[in-house]
Amino acid sequence: MAWWWSLIHCLLLASSSAHDDFFTSIGQMTDLLFTEKDLVTSLKDYIRAEENKLEQIKKWTHKVDVLSAAATQDPEGFLGHPVNAFKLMKRLNTEWAELESVVLTDVSDAFISNLTIQRQHFPNDGDQTGAAKALMRLQDTYQLDTDTMSTGQLPGSSSWHQSRLTVDDCYDLGKVAYSEADYYHTELWMVQALKQLDQGETSSTMDAVTILDYLSFSVYQQGELERALEFTRRLLQLDATHQRANGNLKYFEYQLSKQKKMEAAEGRQTRETRVPPDDYLPERKSYEQLCRGEGIRMTPRRQSRLFCRYYDNNRHPRYVIGPVKQEDEWDHPPIVRYHDIVSDEEMQKVKELAKPRLRRATISNPVTGVLETAPYRISKSAWLGAHEHPVVDQINQRIQDITGLDVSTAEDLQVANYGVGGQYEPHFDFGRKDEPDAFESLGTGNRIATWLLYMSDVQAGGATVFTEVRASIWPKKGTAVFWFNLFPSGDGDHRTRHAACPVLVGNKWVSNKWIHERGQEFRRRCGLQETD
């Protein structure tokens with residue numbers, strides 16, 4: 001059946017061109033679980049068919065084996081019986097041909113056909129790489145060591161969902177980092193792979209020599225000559241003929257000797273430090289602290305001025321009898337949360353409408369203005385117009401009634417689902433002065449306000465953080481947070497720079513409504529206004 005495995009291999013390679021960024025949406029990834037379940041069922045059917053075929057062959061073999069064993073003890077006497085002679089002719093002329101047909105019968109067609117169809121919609125190398133980089137992002141943001149990640153014991157995860165990383169898995173993570181020239185994470189995951197190998201875990205493909213080869217180079221690239229030399233010597237103890245390691249040994253010894261001479265001459269010692277790769281985000285440290293719930297700054301006096309209240313928006317007819325629950329989340333800038341603002345049935349309908357249309361979320365290139373994907377926005381989104389379903393229209397109307405702002409010039413409801421380590425790094429919702437054409441095509445002015453509805457709880461991570469004022473707001477299903485992006489003057493409020501933290505454990509669904517300036521000339525409430 002070697003040809004069968006070759007066909008499988010070709011199918012896997014041929015389908016690698018299909019790329020839908022599966023890793024950027026947990027909601028769409030759930031479909032893959034059912035696809036895999038269907039394939040397992042198909043594979044079981046194939047196995048049963050093969051087992052039935054082998055059982056037929058075994059029974060026939062046993063029958064002929066017993067017969068031939070007796071016959072060959074006295075061949076002439078056996079064939080002297082005319083029935084035995086007839087049956088021998090029949091077996092050799094007919095039955096062996098029938099057996100040949102059974103052996104050559106290919107029972108894999110149904111499984112191959114199913115796999116071929118399903119494989120067109122499988123994740124590809126880009127998805128696997130994206131998911132690997134997401135794990136490393138979670139590792140950094142939430143300060144998780146490789147042991148914790150490897151055992152699957154993440155904060156907020158239930159025990160029956162936990163899954164371990166094997167030696168091969170750890171190696172693959174390190175290999176992804178290596179391909180990105182990220183030697184910091186290469187070292188972390190190759191060390192973990194080596195550790196699990198040393199602890200007796202078996203690997204189907206990896207050995208210590210291969211891992212040590214990557215390790216020695218990755219630590220050398222980080223300037224750690226002594227450790228590079230240590231890993232190289234250990235490698236050569238396992239494979240003394242390793243050509244690259246023998247060359248590296250001499251080179252590292254020479255470089256280390258040269259370094260020590262320089263240190264002695266200058267009267268100093270070089271300190272080896274291991275640091276993450278360079279970062280493009282200036283507030284990375286603050287951002288990640290807020291994602292972990294650390295460093296939130298608000299004095300007790302300020303906190304005492306935050307209230308919860310029943311709110312009817314100046315006795316709005318829809319809310320006089322049944323006001324909504326409003327909670328102050330932050331004071332400067334004012335950020336409020338509305339509780340129990342949508343029902344489970346409404347949220348489920350919004351998800352159903354959005355899921356088939358989810359596409360990789362994009363950002364507007366600040367230079368070209370072109371929409372494009374970015375590694376700092378890992379999610380999928382869909383847009384729902386008010387005309388598409390009464391539920392969408394009801395939610396839009398509710399936003400207008402509660403905020404007092406006209407949503408007729410607002411953007412459609414955007415529904416987003418975050419993927420593995422899903423996030424959206426610090427950004428502004430409004431167009432800055434250096435982006436004069438940010439929303440020109442809409443003809444409705446800048447984004448005056450943001451309404452963010454949480455449509456799922458998140459077990460761990462996934463907070464909305466405001467990096468300028470150091471505020472962290474945590475997802476709570478059925479609630480919505482609201483803030484103004486612009487001052488009354490129309491200038492952008494830079495305190496509203498915010499981010500969606502990586503989802504550590506869980507499935508994060510949100511929908512947001514961006515309300516624009518046009519239509520708000522006489523609507524903006526005084527209660528949430530501030531001066532420049």
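Here are a few things to note about the model shown:
- The chain, accessible surface, carbon-and-sulfur percent (1.4 angstrom probe): 54 percent
- The order of the peptides 120-131, 491-502 by mean Cβ neighbours within 10 Å, most packed first, is 491-502, 120-131.
- Placing unit charges on the Cβ atoms of the charged side chains and taking the dipole of the range 70-170 about its Cα centre, the candidate lying farthest along the positive direction among 120, 150, 70 is 120.
- Backbone geometry of the range 42-54 corresponds, through the Karplus equation with coefficients 6.51, -1.76 and 1.60 at θ = phi - 60°, to 3J(HN,Hα) couplings of 5, 5, 5, 4, 5, 4, 4, 5, 5, 5, 5, 5, 5 Hz, x marking Gly and Pro.
- Unit charges on C-beta of K, R, D, E only; dipole of the chain, Debye: 1100 debye
- The chain: angle of helix 125-141 to the longest principal axis, Cα-based, in degrees nearest 10: 50 degrees
- Calculated from backbone phi, Karplus (6.51, -1.76, 1.60) coupling profile of the range 250-256 in Hz, x at Gly/Pro: 5, 5, 5, 4, 5, 5, 5
- Debye log10 I(q)/I(0) for the range 378-520, one point scatterer per Cα, at q = 0.13, 0.15, 0.17, 0.19 Å⁻¹: -0.57, -0.77, -1.00, -1.23
- Amide H to amide H, with H built 1.01 Å from N, residue 421 comes under 5 Å of 503, counting only residues 5 or more places away or on other chains.
- Taking all pairs of distinct alpha-carbon atoms in the chain, Kirkwood radius in angstrom: 28.5 Å
- Our summary of shape: the Cα atoms of the range 79-226 have principal axis extents of 87, 36, 31 Å, ordered from largest down, in whole angstrom.
- Per residue, the solvent-accessible area of the chain (1.4 Å probe, heavy atoms of protein chains only, all protein chains present) comes to 54 Å².
The values are calculated or read from the model by the stated rules, or taken from the named source; none is laboratory data. Source: prediction; values computed, not measured. Ideal geometry is used to build each Cβ from the backbone, glycine not excepted, and the neighbour counts take in all protein chains shown. Ligands, DNA and RNA are excluded from the accessible area calculation, which covers all protein heavy atoms including side chains. Shrake-Rupley method; radii C 1.70, N 1.55, O 1.52, S 1.80 Å.
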